[in-house]
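Below you'll find the structure, written out as structure tokens, and then a few comments.
We did not get these values from a lab; they are worked out from the coordinates using the rules stated. Remember, it's a predicted structure, so these values are computed and weren't measured experimentally. Here the Cβ positions follow ideal geometry from the backbone for every residue, glycine too, while neighbour counts run over all protein chains shown.
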Amino acid sequence: MHDITLPVLMLAGLLIAAVSALLYRQHRRSARQLLWATLRMAVQLTLVGLVLQALFAHTALWSVCLVGLLMMLLAGHEIRARQRYRGGWRGEWLTGLLSLSLGSMLLTLLTLTVLVQPEPWYQPRYAIPFLGMLLGNSMTGIAMTLNRIREGAFQQAAIVETRLALGEDARSASAGLRADGLRQSLIGVINMLAAAGVVSLPGMMTGQLLAGADPLTAVRYQILILLLIATATVIGSLVAAELACRQLFDNRQRLALGTFTDHG
């Protein structure tokens, strides 16, 4: 595979700098966020590359579990950071971690032990990329679910309280919020599945093709990954929607939006 040199990466970085300069004239905050996110991406991926080099050289279950736990904790933090309306720090993080665990973590274990079966099953060359792809996509779905449900609750507070006053329980009164949150979170997944191979070549397949893999082998791996991503995102979003709706009400099933603060 053709090597990507540092000057090539620097040239690509200049492209981001150029579009950021154009964006700065229209929206300064977005331009700064784009540059900061780009810098974070470069540093984070470099550090990940160094960590993976060490993991691949010395395969050990404890080290794979440690990296996986760190990835989960950071994903939970990112979910909380993307929310406009936030509750307590501990509850927010636990909501994200539980949603991620029931989706991404369990599916990664299933993939390694039943579907792919590398030797050993915790082989970091398989475990870390699989977990990373599932976490990244389900994290986005979970964050969108939580954000949409909470924004909807603030916008439709009068409607929800009216339904409660008419005798509906909290779950029934928040059914519309739950459905709207799930719809919002799954738009990206559905578009990704529908466009795969027609509009775009997904990332993993592209990487394998650039590395010289057989096209049909790359296709099979990509289909597996897309199915796992969709499943993990749906599971995580369902769990997140359930937890988010419960957090909107107190123990007496009254709408309790005062527990959230606006970080918009």
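Rounded, prolate or oblate for region 1-58? Axes are the square roots of the Cα gyration tensor eigenvalues, ordered a ≥ b ≥ c, and the cut-off for rounded is a/c under 1.5. Cα axes put region 1-58 in the oblate bin. Peptides 238-246, 214-222, 132-140, ordered by how many other C-beta atoms sit within 10 Å of their residues on average, highest first, read 132-140, 238-246, 214-222.
Per residue, the Cα convex hull of region 148-190 amounts to 54 Å³. The spacing between region 202-225 and region 249-263, judged by their C-alpha centroids, is 46 Å. Expressed as a whole number of Å, what is the distance separating the alpha-carbon centroids of region 139-161 and region 80-117? Result: 19 Å between the Cα centres.
For a paramagnetic label modelled on Val114 (point 7 Å from Cα along Cα→Cβ), amide N atoms under 14 Å away belong, within region 201-236, to 228, 231-232. Note on Trp93, Trp62: ascending count of other Cβ atoms within 10 Å places them as Trp62, Trp93, the fewest first. If the segment from Val51 to Ala81 were pulled out straight at 0.36 nm per residue, it would be longer than the present Cα-Cα gap by 8.3 nm. Between Thr206 and Trp93, the FRET efficiency from the beta-carbon distance, with R0 = 30 Å, is close to 0.35. The helix-only estimate of mean residue ellipticity at 222 nm for the chain, built from DSSP H runs of length n ≥ 4 each weighted as -39500 (n - 2.57), is -25000 deg cm²/dmol after division by the residue total. Excluding Gly258 itself, what net charge comes from residues whose Cβ is under 15 Å from its Cβ, given Lys and Arg +1 and Asp and Glu -1? That sum, taken over residues with Cβ under 15 Å, equals +1.
How much length would be gained if the chain were fully extended between Met10 and Gln33, taking 0.36 nm per residue of separation minus their Cα-Cα distance, in nm to one decimal? Net length gain for the segment: 6.4 nm.
What the Cβ-Cβ distance of Ala194 and Arg254 gives, at R0 = 41 Å and to the nearest 0.05, is a FRET efficiency of 0.50. Dividing the Cα radius of gyration of the chain by 2.2 N^0.38 Å, with N the residue count, gives 1.15. Summing charges over all other residues whose Cβ lies under 12 Å from the Cβ of Thr95, with Lys and Arg as +1 and Asp and Glu as -1, gives +3.
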